[in-house]
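A.B. asks: Dumping the structure here so I can ask a few things about it.
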Amino acid sequence: RAAEKAKEEAKKRAEEKKKAEEDANKILVEAYITTLSDRDKELYKRGQKLQEDLLALEKAGVKDRTSVLEAFRIDEAAINQKYDDDAKKKQEEKDKQDKEKADKAKEEAEKAAKDKLEREDKAREDSANLLQADYDYKQALGKATFQDELDLFDKTRELGHQTMVANKESADAITAYDEET
């Protein structure tokens with residue numbers, strides 16, 4: 001009687017140990033699954049189902065596993081296709097956003113360059129007007145000399161030339177301006 005009780009006790013401990021090991025393995029598998037990407041989680045779970053299906057066929061004595069393996073292959077391809085499509089769509093969206101940012105930056109740079117050019121043109125125009133006003137003042141006082149007139153012409157001509165170069169006028173237009181002036 002004591003031997004039977006000891007045997008039952010040992011069997012009970014063995015079952016408890018087996019259950020504890022199964023629980024521990026389940027926890028480890030769940031922890032492993034949480035570390036996987038969504039794609040790998042789906043593939044892992046589908047692989048588990050394949051193993052269960054193959055085990056069920058084996059227990060039933062079914063030797064032909066072709067249809068089960070083909071179903072797995074189809075499901076695996078569908079899972080991969082879904083995630084590949086998602087990745088492609090995300091990349092296309094990122095590329096579109098990057099292009100929009102680049103276009104906006106280019107547009108802003110062009111606007112800044114245009115604004116700078118306009119400010120420089122205005123500064124040259126103001127300089128020419130100031131030179132003209134200074135000459136006109138000297139002339140009104142009767143102190144303007146021919147050299148003052150030549151200096152005014154040379155300085156305003158140079159400012160006009162700089163404006164044409166800054167505005168990227170054609171070489172022919174600049175040459176024509178130089179010849180005319």
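A.B. asks: In the range 1-159, if the dipole is taken from +1 on Lys/Arg beta carbons and -1 on Asp/Glu beta carbons about the Cα centre, which of A3, A78, T34 is farthest to the positive end?
C.D. replies: Most positive-ward Cα: A3.
A.B. asks: Here are labelled values, [x] 102; [y] 133; [z] 206, and one is the computed volume of the Cα convex hull per residue in Å³ for what I pasted. Which one?
C.D. replies: [z]
A.B. asks: Given the options K116, K63, K89, which has the most mean-square fluctuation in a GNM of the chain, springs set between C-alpha atoms less than 10 angstrom apart?
C.D. replies: Per the Cα network of the chain with a 10 Å cutoff, K63 tops the list.
A.B. asks: Here's something else I'd like to know. With a 1.4 Å probe and every protein chain kept in, tell me what percent of the accessible surface of the chain is carbon plus sulfur.
C.D. replies: Accessible surface attributable to carbon and sulfur in the chain totals 53 percent.
A.B. asks: Divide by every residue of the chain the summed helix terms, -39500 (n - 2.57) for each DSSP H run of at least 4, and state the resulting mean residue ellipticity at 222 nm, rounded to the nearest 500 deg cm²/dmol.
C.D. replies: -32500 deg cm²/dmol
A.B. asks: Report the extension gain between A78 and A10 in nm, rounded to one decimal, defined as 0.36 nm multiplied by the number of residues separating them, less their alpha carbon distance.
C.D. replies: Roughly 19.6 nm would be gained on extension.
A.B. asks: If the viscosity is 0.890 mPa s and the temperature 25 °C, what translational diffusion coefficient in µm²/s does Stokes-Einstein give for the range 5-59 when Rh comes from Kirkwood over Cα pairs?
C.D. replies: Values: Rh = 13.6 Å.
Diffusion coefficient, whole number: 180 µm²/s.
A.B. asks: Show which lysines lie in cross-link reach of K90 when reach means a straight Cα distance below 17 angstrom and same-chain residues fewer than eight apart are skipped.
C.D. replies: K82, K99, K101
A.B. asks: While we're looking at this one, here's another question. Rounded to the nearest 20 Debye, what is the dipole magnitude of the range 1-56 about its Cα centre when Lys and Arg each give +1 and Asp and Glu each give -1 at the C-beta? Can you show the working numbers first?
C.D. replies: Numbers: 15 positive and 14 negative charges, 58 e Å.
Dipole about the Cα centre, nearest 20: 280 debye.
A.B. asks: If I stretch the segment between A166 and R65 completely, what's the gain in nm (0.36 nm per residue apart, minus their alpha carbon distance), one decimal?
C.D. replies: Numbers: separation 101, 0.36 × 101 = 36.36 nm, distance 7.89 nm.
Once the chain is fully extended between A166 and R65, it gains 28.5 nm.
A.B. asks: Can you return the lysines within cross-link range of K114? Criterion is Cα-Cα under 16 Å, with same-chain partners fewer than 8 residues away left out.
C.D. replies: K104, K106, K122, K168
A.B. asks: Where Rh is the Kirkwood radius over the Cα pairs of the range 120-181, the temperature 20 °C and the viscosity 1.002 mPa s, what D in µm²/s does Stokes-Einstein return?
C.D. replies: D, rounded to a whole number, is 171 µm²/s.
A.B. asks: Given labels modelled 7 Å from the Cα in the Cβ direction, how far is it in nm from D103 to T35?
C.D. replies: Simple spin-label model gives 4.4 nm for this pair.
The values are calculated or read from the model by the stated rules, or taken from the named source; none is laboratory data. Given the structure is predicted, the values throughout are model-derived calculations rather than measurements. Cβ coordinates were reconstructed from backbone atoms using ideal geometry, including for glycine residues, and neighbour counts include every protein chain displayed. Note: accessible area is taken over every heavy atom of the protein model, side chains too, but ligands, DNA and RNA are not part of it. Shrake-Rupley method; radii C 1.70, N 1.55, O 1.52, S 1.80 Å.
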